[in-house]
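What follows draws every value from the coordinates through simple rules; no lab data is involved. This is a predicted model, so every value here is computed, not measured. Using ideal geometry, Cβ is built from the backbone for each residue, glycine included, and neighbour counts are taken over all protein chains shown.
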Amino acid sequence: MIAEHFPVLVVILPLVTAPICVMLRHGGRAWLLATIVTWASFALAIALLRQVMDTGAISYLLGDWAAPWGIEYRIDQLSAFIILIVTAIGSVMMVFAPKSVTAEIPGDRVYLFYTMYLLTFAGLLGMAATGDAFNLFVFLEISSLSTYVLISLGKERRALTAAYRYLVLGTLGATFYIIGVGMMYQMTGTLNMADLAVRLPAVAETKTILVAVGFLTVGIGLKMGLFPLHLWLPNAYTYAPSVVTAFLAATATKVAVYVLLRIYYTFFGAGIFEGLPVSNLLLALGIIAALGMSAVAIFQDNAKRLLAYSSVAQLGYIVIGISLVTATGAMASILHLFNHALIKGSLFLVLACVFYRIGSTKVDDMAGLGKSMPFTMAAFVLAGFSLIGIPLTTGFISKWFLINAALEKGWWIVAVVVVAATLMAVIYFWKVIEAVYFRPRPDGALVVTEVPALMLVPLWVLAGANIYFGTNTNLSVGTARRAAEILLGGGG
Amino acid sequence: MESLLPWTIVIPLIGAGLIILARHRPNLRETVTLLTAAALFLSVVSLTPAVLDGGRPSLVIWGILPGLDLMLRVEPLGMLFGLVASGLWIVNSLYSIGYMRGNKEQSQTRFYFFFAVSLAAAIGVAFAGNMLTLFMFYEILTICTYPLVTHSGTAEAVKSGRTYLGILISTSIGLLMVGIIWTWNAAGTLDFTPGGILKGKVSDGLIGVLLFLYMYGIGKAALMPIHRWLPAAMVAPTPVSALLHAVAVVKAGVFTVLKVIIYIFGIELVNGTAASLLLAGIAAATLLFASVIAMQKDNLKARLAYSTVSQLSYIILGAAIATGASVIGGGMHIAMHAFGKITLFFCAGAIYTAHHLTLVSELNGIGRKMPVTMIAFVVGALSIIGLPPMGGSLSKWHLMLGAAEGEQFIFIAVWMLSSILSVAYLMPIVVRAFFRPLPTPQSVGVAATGGEGGIEEAPLFCLIAIVISAAGTFALFFAAGDIGQLLAPLAKP
């Protein structure tokens, strides 16, 4: 039965296709192959999620080597959900990509773009699928290294410094992670996540493990852009090719959050929050991120950078949800992973369309686009409403559960923070809206028209998903709830 | 006739779609608007007999969150609001045709489109079966009216639009949403239930906090100091000010206030508490201050806007007193004020269309040029002041009865004082219009050709609308008994 190999196939398929793209040496063909592979992965992800929801977690032993010695792939509700997010976004982005990529990347490097895209894709999926702490490191590096290349492909020369900065900080993060894993291995003699979960509680009080928690948190915090470790993020998002920004914003940080959830709840169990001030620390960082970064976003004049800061702020919400250490809180975080991927995916795709037409994402340059690019900008309004959390959108569902979780725990301050950050989101979002709809095109600016259907359709699929999953929450809420229950129930 | 319930939302949406399709043929487009308005009104009317008989037509649209449905449920208060909003839409559409064409406004298709969508949202608010559904339609109403407020696209319009949206969105997301989630957390339901859902679920001290989350969260009710959006919204074309910012939007606000007090808190829970007294005090202050500000406004629409702020607080005060008669009076006042105020706005727009006058100080002798308009103005003004034989007198009577029932006699004095104040800001206009001489011809410009006493009314469509709404204001005086009967169930816990 091929179906039992799905857990590994979803990772291997893009991984082995990447070198084939290099061999093709042709942008168009590489795109076709990459598109087919991402959609195939998406299909696999759907199959996996269904299977997991029906029968519970799947364990897959690589090469049939039994777990502590061989590498185990383990797909539970949470990982299946993450895999679904990554593959869904990744495959929609591929449909969108060709025009935008051709416009922004020199022709002779286009095939390399698709190669690196597939590697990033495979790396992110591997991180979500694996049940082995060291294997996770390997995939973390695969995705990171290829991401550095993707960012450096950006049109402006500043993309290089942005990529370099990310490379330094990203490597630091990966190193911290592997140091943490090493310490755990030293104390428990295993790298398998399930084994770690069994053996760690016995040594949880030791100094080594406490230090390991610190290393792991900082390491992964760097990858997910957790305030104040987010310094690489705004530049990387601003100067990377538009499609890359959209893809990374919607997936990469989300997978990092997944890893953090795994570390806390699966490796250590919820007990970790009792012994250590992790919860308070995360809460504090989350609050500062949500408020501070939203405030910073207001003062940005480049829409891409504005949204980048908004992403750091939104990550604050997710971290706050984790810091609550309740099933509802974890659920709100997991749900927001999904919803925020849809929101930011759509918003950055809009900017990709804008960049495709006017070659800039400066708010001033976007003035008057509401008339010339009505469908693109309507998607921006829709996704922006979702970001703010207007009812009937995914953003509202996220806010609903997050505030609910906070009230349930009696943490009023969280509700206040979420509301305050939302109001700031209204301000920075409206800043763009007013420019787009109420200001005339600048004098001497290009006369532009709507982008081609090949870009509009994927954009609207993502934007429409904000409404669909804002009104039909069975899939997102249902899966997030199961995942959170399993994390908090089975982990400790 | 329950089967028509979903159509009350769908009809205006279909109409909106057809308006877009008919964008190149203005006559067809306006016909679509009128037919849609008529169809909507009929479908709303068709629900009335069932509701009068104690039925509560309801419909679950779909489950949006686990245990929470998007659902409609028609109860008396919503029935009344639905009737008022959809009925006046017909009149207002007639008026819009005259006004928009008379002033050669731009982007009329967009105008009619968002108008229709706004009406769908208003009906959604009226018939919402639980607080979540109401909240959704409430937010949609805010967003859909934004393009109408900023219709002209001028810098001033954008600035006012910012105030409009800023206040309405920040209060609703910042306070109302939190209140709703809190309610859900405490009560485990958000269904509108006679007698309320919060009794015994939230401690007495926190009930007050929750009450204020709601009352200041419902920005559309324009309680001071979050009333600024309403005068700002006056930058919109007058038909928008008339139907949306005297009827649909602002009434959606006070309607929500009443709904929350009656069906979420339950009037017994609110009545006589310290928080409700504080709320009543704020409402009373708003009511008086807004009247005083209205007196100082020379711009006619601004004066009417502050009058609306004042009148909305009549209803909030009625809700805060929270006795059977006061909430019925509050509900009734939704209808009474709607007719009175829309008439006044129609008149203001007619004066602008015919003579391009916006300031009260310019209106000397205008009654001689526009007798029909200004007589209608008198009718509307009398109703706002609360004099018989106009509808406004009876809702005020019920409100005062309610205050007496709650033994809060001070508020009877407040209402009487308010009547005097509204005489002070409305009657000078009437006096100017009829008893002051016309200014010399050159200062009026175009009017010179008509000579002294020449009649120059607004376009016919405007005039028809004005006459209908004025007649309605008068007729409501006699229909008040029926309305009272419709609303009677509100008083029963």
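Tabulated data
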read-out	value
Estimated distance in nm for a label pair at A:D54 and A:F375, the labels positioned 7 Å out from Cα along Cα-to-Cβ	3.8
Residues A:H340, B:H151, sorted so that the one with the fewest Cβ neighbours within 10 Å comes first	B:H151, A:H340
Estimated dipole of the protein assembly as shown in Debye, rounded to 20 [Cβ of Lys and Arg +1, of Asp and Glu -1, Cα centre]	1680
Built amide H within the under 5 Å cut-off of B:G272, gap 5+	none
Three-way shape label, the range B:84-136, alpha-carbon gyration tensor, a/c 1.5	oblate
Average partner coverage of A:419-430, which counts Cβ from other chains inside 10 Å	3
Options B:G481, B:V60, B:V32, ranked by Cα towards positive dipole end of chain B, top entry (Cβ charges)	B:V32
Cα shape, the range B:336-428, gyration tensor, a/c 1.5 rule	prolate
The protein assembly as shown: radius of gyration over Cα atoms, expressed as a fraction of 2.2 N^0.38 Å	1.02
222 nm mean residue ellipticity, helices alone, for chain B (DSSP H n ≥ 4; -39,500 (n - 2.57); rounded to 500)	-23500 deg cm²/dmol
Gyration tensor verdict on the range B:237-383 (Cα atoms; rounded if a/c is under 1.5, prolate if a/b is larger than b/c, oblate otherwise)	prolate
Chain B, relative contact order in percent, only Cα pairs under 8 angstrom and at least six apart counted	16
Area projected by the alpha carbon convex hull of the range A:277-492, averaged over all directions, nm²	11.8
For the range A:411-492, fraction of C-alpha pairs farther apart than 19 Å, in %	72
Fewest-first sequence of B:D204, B:D191 by Cβ atoms within 10 Å of each Cβ	B:D204, B:D191
Euclidean distance between Cα centres, the range A:140-161 to the range B:359-378, Å	71
Spatially proximal lysines relative to A:K431 (Cα-Cα < 21 Å; intrachain offsets below 8 disregarded)	A:K304, A:K344, A:K362, A:K371, B:K159
Cβ-derived FRET efficiency at R0 45 Å, A:V457 paired with A:A202, nearest 0.05	0.25
Total charge dipole magnitude, the range A:277-492, about the Cα centre, Cβ charges on Lys, Arg, Asp, Glu only, Debye to nearest 20	80
For B:N299, residues with placed amide H under 5 Å, excluding near neighbours	B:V360
Rounded FRET efficiency, nearest 0.05, which uses the C-beta distance separating A:A295 from A:T161 and R0 of 25 Å	0.50
Ranked list, fewest to most other Cβ atoms within 10 Å of each Cβ, for B:K297, A:K399	B:K297, A:K399
B:D482-A:K409 FRET efficiency (beta carbon distance; Förster radius 51 Å; 0.05 resolution)	0.50
Rel. contact order, % - alpha carbon contacts under 8 angstrom, at least six apart, the range A:277-492	29
Shielding by partners - mean other protein chain Cβ count within 10 Å, residues of A:472-480	2
Rg [Å, one decimal], Dmax [Å, integer] - the range B:396-435, C-alpha atoms	13.9, 43
Residue mean of other protein chain beta carbons inside 10 Å, A:391-400	4
Chain A: calculated mean residue ellipticity at 222 nm from DSSP helix runs of at least 4, using -39500 (n - 2.57)	-25500 deg cm²/dmol
Among B:A381, B:A128, B:I429 - extreme Cα towards positive end, dipole of the protein assembly as shown, charges at beta-carbon	B:I429
Simple label model, 7 Å out from Cα along Cβ direction - B:A471 to B:L4, nm	2.2
For the range B:231-308 and the range B:1-60, distance of Cα centres in Å	27
Convex hull per residue volume in Å³, alpha carbons only, for the range B:2-491	124
Among B:G329, B:L460, B:I167 the positive-end extreme of the charge dipole of the range B:2-491 (Cβ point charges)	B:L460
For chain A: span of alpha carbons on each principal axis (Å, largest first)	70, 56, 41
Residues listed by number, the range A:112-137, amide nitrogen under 17 Å from A:R29 label point at 7 Å toward C-beta	A:112-116
Trypsin sites (Lys or Arg not before Pro) within the range B:66-152: DSSP coil, no more than 11 neighbouring Cβ in 10 Å	B:K104
Segments A:455-468, B:9-22 sorted - mean Cβ within 10 Å per residue, highest first	A:455-468, B:9-22
Distance between modelled label sites at B:L278 and B:M416, nm, 7 Å Cα→Cβ extension	3.0
Chain A: relative contact order as a whole-number percent, Cα under 8 Å and 6+ apart	15
Length added when fully stretched, A:V22-A:I288, from 0.36 nm per residue minus Cα-Cα	91.4 nm
Electrostatic dipole magnitude of chain B [Cβ: Lys, Arg +1; Asp, Glu -1; Cα centre; debye, to 20]	820
Amide hydrogen neighbours beyond the local backbone of A:K362, cut-off 5 Å, H modeled	A:A303
